[in-house]
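The values are calculated or read from the model by the stated rules, or taken from the named source; none is laboratory data. Here the structure is a predicted model, which is why all the values come from computation and not from measurement. Backbone-built Cβ (ideal geometry, glycine too); neighbour counts: all protein chains shown. Calculation scope for accessible area: heavy atoms of the full protein, side chains included, ligands and nucleic acids excluded. Shrake-Rupley method; radii C 1.70, N 1.55, O 1.52, S 1.80 Å.
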Amino acid sequence: MRIRRHRALAAAMVMLAALSLGGCNKLQARSEIKKGNEFFKAASYPAALAAYENAARLDPGQSKLKKNIGLAYMAMYQPGSKHPKDIEFAAKAIENLQAYLKEHPEDKRAHEFLVSMYLNTDRYDDAIKFYQERLATDPKDVKAIQSLAAMYFKKGDFNK
């Protein structure tokens, strides 16, 4: 009987320790986010990115971090550059912003960041798709119509 109690007590202690570590990770993640924000404001984008990625590792359920990570990559990207690092930064910025927007489609500013990255990387088809989707939900969206016209112009599709 005593052995069962000791085992039950040991199991309860292990469960309690695991739960407390989860809470500790969330606190550490918040601290990393604050550090990341400070680095971002100081234009230390690689340090901000490292802090945001560490926070995401500590608290994987924190979906808003995808936006911060995407913006850090976006800030490190040099528009027009064909250097492999810049191509990687652009791809990761787009990937993280898309992931963020899947969970937070209401964030209009994040949509603008994503379209900006599409344009900076000459991904006009992706930008066109984005504006076509906006027109599907609001056919009278003048900004979307104007933007679509500009995308087709940049793409060289003058008929559309």
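Within the set of other residues whose C-beta is less than 12 Å from the C-beta of TYR152, count the net charge using Lys and Arg as +1 and Asp and Glu as -1.
Counting the neighbours of TYR152, the net charge comes to +1.
Which value, in nm² and rounded to one decimal, describes the direction-averaged projected area of the C-alpha convex hull of the range 44-109?
If you wrap the Cα atoms of the range 44-109 in a convex hull and average its projections, you get 4.6 nm².
Take the Cβ-Cβ distance between ALA47 and PHE153 as r, set R0 to 45 Å, and report the resulting FRET efficiency rounded to the nearest 0.05.
Efficiency at R0 = 45 Å is approximately 0.70.
Roll a 1.4 Å probe over the protein heavy atoms and report the accessible area of ASP59 in Å², nearest 10.
The accessible area of ASP59 comes to roughly 20 Å².
Normalising by the residue count of the chain, find the relative contact order in percent from Cα pairs under 8 Å and 6+ residues apart.
Here the relative contact order equals 13 percent.
What do you get for the angle between helix 142-155 and the principal long axis of the chain? Use alpha-carbon atoms, 0 to 90 degrees, nearest ten.
70 degrees
What span do the alpha-carbon atoms of the chain cover on each of the three principal axes, reported in whole Å from largest to smallest?
Extents along the principal axes, in whole Å: 84, 35, 24.
With +1 on each Lys and Arg Cβ and -1 on each Asp and Glu Cβ, and nothing else charged, work out how big the dipole of the chain is about its Cα centre, in Debye to the nearest 20.
Value, rounded to 20: 860 debye.
What whole number of Å gives the distance from the Cα centroid of the range 97-117 to the Cα centroid of the range 29-72?
17 Å
Round to the nearest 0.05 the FRET efficiency obtained for LYS140 and SER63 when R0 = 41 Å and r is the Cβ-Cβ distance.
According to the calculation, E is roughly 0.85.
Which value, in debye to the nearest 20, describes the size of the charge dipole of the range 55-150 about its Cα centre when Lys and Arg Cβ atoms bear +1, Asp and Glu Cβ atoms bear -1, and nothing else is charged?
160 debye
Can you give the Rg/Rh ratio of the range 74-160, where Rg is from the C-alpha atoms and Rh is the Kirkwood radius?
With Rg and the Kirkwood Rh in hand, the quotient comes to 0.99.
With a Förster radius of 25 Å, plug the Cβ-Cβ distance of LYS26 and LYS85 into 1/(1 + (r/R0)^6) and report the FRET value to the nearest 0.05.
0.20
At 222 nm, what value in deg cm²/dmol follows for the chain if DSSP H runs of at least 4 each add -39500 (n - 2.57) and the sum is divided by all its residues, to the nearest 500?
Only helices count here, giving -27000 deg cm²/dmol.
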